[in-house]
Amino acid sequence: MRHLLFALALLGTAPCAALAQNPTPGAPAGRPGMQAPGVVRGTIVDAANGTPVANVSVGVWSAADSAIVGGAMTRADGAFVIQGLRPGRYYAHVSALGYGPRTISPITITAASPAANLGAVQLSAAALQVQGLEVTGEKRDVVLAPDHNSYTTKDMPTVSGGNAADVLRNVPSVDVDQDGNVSLRGNQNVVIQINGRPTPMSGEALAAFLQQLPASMVDKVDVIPNPSAKYDPEGMGGIINIELKQNTDLGWSAGVLGNASTNGRYNASGNLGYQRGKITFYGDYGYSSDQRNSTGSVYQENHNLDAVELGGLPFITQQANSGDGTRHSNNVTASLDYKLSKRNVLSTQFLFGSSTGGDNSSNAYREMSEQRDTTGLFNRLTNGDRTFGNLSTGLTFKHTVQQLQDEYTAQLRYDQSNFDNNSLYTQQWLSLAGSPDSVSLETNASTNHTRNYTAQFDLTHPLGGSAKLETGYKGTLRKLDNSLFAQLFDDELGAYQPETNKNNEFRYTENVQAVYGVLTGQLGRFELQGGLRLENANTNFDLLTTDSAYKNTYTSLYPSALVAYNPTNTRQFKISYSKRVNRPNTWQLNPFTDYEDPMNLRHGNPALKPEYTHSFELGWQESLPMGTLQFTPYFRHTVNEVRWVRTTDSTGVSTTTFENFAKANSYGADFTGSLRLKSVTGFASLEAFQLVTNGSNVSSGLSTNAFGWGARINANWIVSPNLAVQAFWMYRAPMKTEQGRQFGRNFLNLGLRQKLSDRAALTLRVMDPFNTMGWGSISTSDGFYQESHRSFDARAVYVGFTYNVGQKPRIRPQRGQEDQGQQPDQGDQGGPDQGMGGPGQ
C-alpha cells in the first residue's frame, strides 16, 4: 500500500514529470526528440483466474537513487505503458486495493534495447480492511545519489520544537558548532542555500538566521559535497541546500503546530495551501521564543616575563563567564504559481524573517602573579540588543517541454539582510578585597546591511539518445554596508565621547558574471558528465573611515567532471572532480579591531586573496533490499587557504586575524548506510579525515597535520501504526589545530510521535538528556597559553502538538487524450509542475 500511495500522489502532483511522459496506451507518438525513447509495458492479471485487473497503479523507480521516474494506471484490459524513460536501471512496484504488492526487478533500458515488456504480471488477492481511503505521498527519509544525498527531516521527532541548526546537526557529515557556524567534512567554507538559492547572509548573520528558522518549516536537506559547474563555485566544502515546505494538496489545506519546553522555549507555526485550476499557493508562518544560557571559563598564561616586569598584563589571568540570551523570531514563506498554459508557468517566491532579542554576559577577571597571588580584579558586563531581518523574493518563468530534459527557466531575484547590534559595556574595577572601585562605560552600535541582485537564465535541452545539455548565465551584484560607532563615557564632561580609534565604516561591492555548460550522457553502463563554468569577479572594498580602497578583478575557469559505472542494477562506482573558490567575506576583510574582550582582540585582513580548491572524489554505492550503503573517499588540494592566526604582543594581549596559507591538503572518507525495514528505519555515518596545512609563508612552524573523525546515528522505530520513536546521537573527536587543539563533543536527542487521529499528532522530545553539549579548545603561541571551555543550557523536554485541516489529496481520472510531451489539463490533473516536485527532485 505504501508504494501505491506514493505513486498515486506523485502522479497527481507532478503531471509533467509522470503523466505527461506516460500517456494513455495508444496515444500518438508525438514529435521526434520530444522525450526519451525508453518504454515499459505489460498487463496486470489476477493470479487466481487470469482475468485482467483495471485501475492498478504501476510505478517505475530508478535503481540508482530510489526516485520515482514514471507511472501509469492500467486500462480495463489490464494493460499499461510507461514511456519517456532514459537508458538506465529501474525497478517497478505494482499495487492495487485488495491485492498484495509486487516488485519487478531488474528492468534495464538501453539505447540498443529501449523497450522492456514485463508480460503478464500476476497479483494475488490479499485481505484488506478499508477504513476510508487516504491518498498521500511518502518520501524516503534518506536518498543516497551519485552526486548528492537527501535527508527528509519534516517528521523527525528529535528536532521537534528546534530550529534549522538543530536539523543540520542530524545530517551526516554536517556539523554545527556552539556559535551556529556550519561545516561539512570539517570545512566551514560551505554554501548554505534556501530552496536552491544561496543565502545573502554570512558569518554571524547566517548563524542567527539558522537559529531563528523553526525546524517545522524545513522539509529536507540536500548535501552536495562536489557540485558540478552548473552551481556557483563558492563553498570549498560544497553546498548544503535547505528545502522549506512548499507542497500543496488539491483544493485547500491547513495545519498548525505548537511546541513548549521546560527551559522557556516556545514556538508555533501554521501553514495554508491552495491548489485549483491554474493557481497553486502555499504559505507558512512560524514564531519562536528562545532563551539560551551558557557558562564558561578561560585560563591564560603570559610567559613573557620581561613584558610583565615592564608593566604588561599579569602572568596569569582567569575568566569566569556566564551569559543569557533571548530571541523572538517571526518567519513567513510563500510561493504562488500561475499556469499560463500547459507548458508555461509563472511563479513568485517570498521569504521574510525578523528577530529581536538581547544578549547579556558577565566576565569576572582575576589577575595573578607567577606565584598565583591575586594582583587585580575586575568585571566586564555586556548588555546587548540585537535586531535581525532578512527578505528574499523572486520571479520565475519556466517553459517545459519535458520535465528535467527539455526546459527553459528565467529568474530575477532580490535578497537582503540587516543585522544590527547595540551593546553597553560596563567595566567595574574591584579592590583586592572585592569591593567596587572605579567604573568605565562604553557603547557600541554596529550595523551590517547586505543587498543581492540576481538575474539568471538556465536551459536544459536533449541532444538525442541519452545526451543532455545544461547551459545558462548568472549575474550577481552584492552590496554590503557595515559600520561601528563606539563611545566612551567621559566622567569630567558627564557625556559620551566618540572613540575615533575604534569607529569605522566600510562598503563592499561584489559583481560576478558567469556562464556555464554541462553535458550529460550515457555510454552502455557508464554515466558521463562534464562541465565548465567561466566567471569574472570584480570586488571593491572601500574603508570610508581611512579613505582607502582594495580592489580585485579576476577571471577564473571552474571545470567539473563525473564518471559513474553501473556494473549491476544495484551497484555503482564513480569518480568526480570540481574546482571551487572561497572569496573572503567582509568579516574576514575588515581591518578594524573588535574590542569586546580586551584580552582577546580580533580583526580582519583586507589583503586576503581568494582560495581555490581542487576536489576529487571516489564513490561506491550498493542498493540492498533492506537499504543502501555508500562509501566516498575524497582528496582536496587548496591554494591560498584562509586560516585563523593568533599572535601575542609584549603586553600579553592576544590578537586573532586571518592569513592566506600557502596550501592545504585534506583527505578522508565518508561511510553512510541507510536501513529500511518494516518497523525500523534510519541511517548511520562514519567520517574520518586528515588535514595538512602549510603556513610557512606566514610564519615558520605555522602548520599542522591533524586527524579528525566523527560519527552519528539516526534511528526510527515504528512501534505501532500510531506511535514512532526516534533517537539521534553524534560524536566529534578531538582534533589538533595549527596553534592548539579542539576538544571532542557529543550530543544525544530522543523523540517520539504519537498519532492521535488522522489529523492530530503529539510529539515529545528530550534534548541533551546527559547535559553534554559543550565546547572547548587550547590555543598556544610564543609566550602565550590559553584554555577555554563553554557549556550550554541545552537540556530540555519539548512537548508539541500538530493538527491539520482541509481537504485530503485525491487522484483524478486521466482524460486519456493528452498530447504526448504536454502536461494534462490543470483542472483535471492537479497543479503545475513548478514547485510541486517530480522525478528525481
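The values are calculated or read from the model by the stated rules, or taken from the named source; none is laboratory data. Every value quoted in this text rests on a predicted model; they were computed, and no experiment measured them. So basically every Cβ, Gly included, is an ideal-geometry build from the backbone, and we count neighbours across all protein chains shown. Just so you know, the surface numbers come from the protein's heavy atoms only, side chains and all, with ligands and any DNA or RNA stripped out. Shrake-Rupley method; radii C 1.70, N 1.55, O 1.52, S 1.80 Å.
Numerical summary
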{"quantity": "Extension reserve of the Ala445-Ala48 stretch, reckoned as 0.36 nm per residue once the Cα distance is removed", "calculated": "135.0 nm"}
{"quantity": "Computed lengthening from Phe707 to Thr545, 0.36 nm per intervening residue step minus Cα-Cα distance", "calculated": "54.0 nm"}
{"quantity": "Kirkwood Rh in Å, taken over segment 401-454 so that all alpha-carbon pairs contribute", "calculated": "16.8 Å"}
{"quantity": "Length released on extending from Thr393 to Leu477, taking residue separation times 0.36 nm less the Cα-Cα span", "calculated": "28.7 nm"}
{"quantity": "Relative pair counts by distance (%), Cα atoms of segment 597-640, 10 Å bins", "calculated": "18, 23, 21, 18, 14, 6"}
{"quantity": "Asp324-Leu557 FRET efficiency (beta carbon distance; Förster radius 56 Å; 0.05 resolution)", "calculated": "0.65"}
{"quantity": "Inter-label distance, nm, simple model (7 Å from Cα along the C-beta direction), Thr593/Gln428", "calculated": "2.6 nm"}
{"quantity": "Rounded percent of accessible protein surface that carbon and sulfur make up, segment 670-762, 1.4 Å probe", "calculated": "62 percent"}
{"quantity": "Evaluated over segment 715-755, the Cα radius of gyration and Dmax, each in Å", "calculated": "17.0, 53"}
{"quantity": "Cα-Cα separations in segment 459-505 greater than 15 Å, expressed as whole percent", "calculated": "70 percent"}
{"quantity": "Å² of accessible area per residue within segment 685-808, as computed with a 1.4 Å probe and no ligands counted", "calculated": "47 Å²"}
{"quantity": "Fraction of beta bridges assigned by DSSP in segment 396-497 that are antiparallel (%, nearest 5)", "calculated": "100 percent"}
{"quantity": "Residues Thr295 and His637, FRET efficiency given R0 of 41 Å [Cβ-Cβ distance, rounded to 0.05]", "calculated": "0.50"}
{"quantity": "3J(HN,Hα) from dihedral phi, segment 701-711, Karplus parametrisation 6.51/-1.76/1.60, rounded to Hz, x for glycine, proline", "calculated": "x, 8, 8, 8, 9, 10, 10, x, 8, x, 8"}
{"quantity": "Highest-first arrangement of 278-285, 532-539, where packing means the average Cβ count within 10 Å", "calculated": "278-285, 532-539"}
{"quantity": "Distance in nm between pseudo-label sites at Asp385 and Asn55 (7 Å out along the Cβ direction from Cα)", "calculated": "6.4 nm"}
{"quantity": "Cross-link pairs Lys579/Lys663; Lys342/Lys398; Lys609/Lys663; Lys230/Lys468; Lys339/Lys398; Lys502/Lys609 - those with Cα-Cα distance over 18 Å", "calculated": "Lys502/Lys609"}
{"quantity": "Hydrodynamic radius by Kirkwood, which averages 1/r over all alpha carbon pairs of segment 521-606, in angstrom", "calculated": "17.3 Å"}
{"quantity": "Whole-number D in µm²/s for segment 603-760 (Stokes-Einstein; Kirkwood sum over Cα pairs; 4 °C, 1.567 mPa s)", "calculated": "67 µm²/s"}
{"quantity": "Qualifying chymotrypsin sites (Phe, Trp or Tyr not before Pro) in segment 725-796, DSSP loop, other Cβ atoms within 10 Å at most 12", "calculated": "Phe770"}
{"quantity": "Segment 391-453, accessible surface, carbon-and-sulfur percent (1.4 angstrom probe)", "calculated": "60 percent"}
{"quantity": "Calculated FRET efficiency for the pair Glu622/Ala410, C-beta based, R₀ 30 Å, to 0.05", "calculated": "0.15"}
{"quantity": "Virtual spin-label span in nm between Ser720 and Ser354, 7 Å along Cα→Cβ", "calculated": "4.5 nm"}
{"quantity": "Principal semi-axes in Å for segment 404-534 [√(5λ), Cα gyration tensor, largest first]", "calculated": "59, 18, 11"}
